[in-house]
1. Please work out the FRET efficiency for the pair Glu175 and Arg25, using the Cβ-Cβ distance as r and a Förster radius of 35 Å; give the result to the nearest 0.05.
2. What length, rounded to one decimal in nm, is gained on full extension from Asp162 through to Gln111, with 0.36 nm per residue of separation minus their alpha-carbon distance?
Amino acid sequence: SPKGTSSGASPKGTSSGAPWVEWERLRLQLLARSNRHDEVLRRAAVFPVNLPADARTDLHALAAQSALAMGQGAAAREYAARALWAPGVSSAPQEDFLRGVPQGDFLRGAQIRDLRLLVIRSYARESRSDEAYGSMLRFQQDYRPLTAAIVEEFVDTLLDLDRVKEAVDWLGLLEDGHPVKLRLRLLTGLIKPQEAVVQARAALSRAADTG
């Protein structure tokens, strides 16, 4: 899990002022794009404690993404919590820290949404199906109507976690002929593989005609 910093020292002795923040944000983005996620986490482990609120959000969000990329689910969730820390909610339980966060200028809605998705993915990769499913339900409550892409991800994730019954509840939000629907019907024996191939080809043909 991420190590806390006991002093205001930042990487290589630099300050945590605006110029350093901009360079550090760019550095972390470039490291992540180069798949050097271990270096992102090494730098994140010594972030200064006196970061401005917006910088704290952005830099810890980048660290959370790198932790997830390295399969470190607990670290990803902890960095996500730090990214969303705000006065008055710093002691909130980890299960609740992503809900009801005060909406200051530095806590951008899209960033909160993406971090919540990151937490769901971290639970799924650890096969913690109860936590993943519970987080999905809370996400749906707060962000309805969900986009088709997110519904597809949730259903696929639930099927991967052998939560077929729960996955069925989401299928009404997807179009007929959607690949995820075909996958579920295959898993439940409602259609044969040959039928699935025919339906998949028909769906692709319709998509090509409307594209």
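1. 0.35
2. Full extension of this stretch gives 15.4 nm more.
Since every read-out is calculated from the coordinates, none of them should be taken as a lab result. Remember, it's a predicted structure, so these values are computed and weren't measured experimentally. Positions of Cβ are backbone-derived with ideal geometry, glycine not excepted, and every protein chain shown enters the neighbour counts.
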